[in-house]
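Here the structure comes first, spelled out in structure tokens, and everything after it is commentary.
The values are calculated or read from the model by the stated rules, or taken from the named source; none is laboratory data. The model shown is predicted, which means the values in this text are computed figures rather than measured ones. Cβ sites come from the backbone with ideal geometry, for glycine too, and all protein chains shown count toward neighbours. Please note that ligands, DNA and RNA were not included when accessible areas were found on the heavy atoms of the full protein model with its side chains. Shrake-Rupley method; radii C 1.70, N 1.55, O 1.52, S 1.80 Å.
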Amino acid sequence: MIYIMHVDANKVNCVDSTGAGDAFMAGFIAQYSSDHDRIKSLIAANNSGGENVQFFGAVR
């Protein structure tokens with residue numbers, strides 16, 4: 001089954017997008033594994049990815 005959901009992206013100052021997708025997925029998986037709520041997981045993923053792109057390099 002395919003689910004299509006939309007959560008607006010966070011407005012951040014992007015400095016370097018290296019690792020943004022990895023951070024996004026890590027945020028999603030971490031939240032989803034704790035409560036299985038897709039919307040909360042997308043929000044956590046946006047927060048994680050948005051935090052990552054505000055600094056140089058893949059590891060903060």
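Computed values, structure above
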{"item": "Per residue value of the accessible surface for the chain (all protein chains in place, 1.4 Å probe), Å²", "result": "74"}
{"item": "Within the chain, longest stretch free of exposed chymotrypsin sites (Phe, Trp or Tyr not before Pro) [DSSP loop, at most 16 other beta carbons within 10 Å]", "result": "4-54"}
{"item": "Accessible surface of the chain [probe 1.4 Å, protein heavy atoms]: carbon and sulfur percent", "result": "59"}
{"item": "The chain - convex hull of alpha carbons, volume per residue in Å³", "result": "78"}
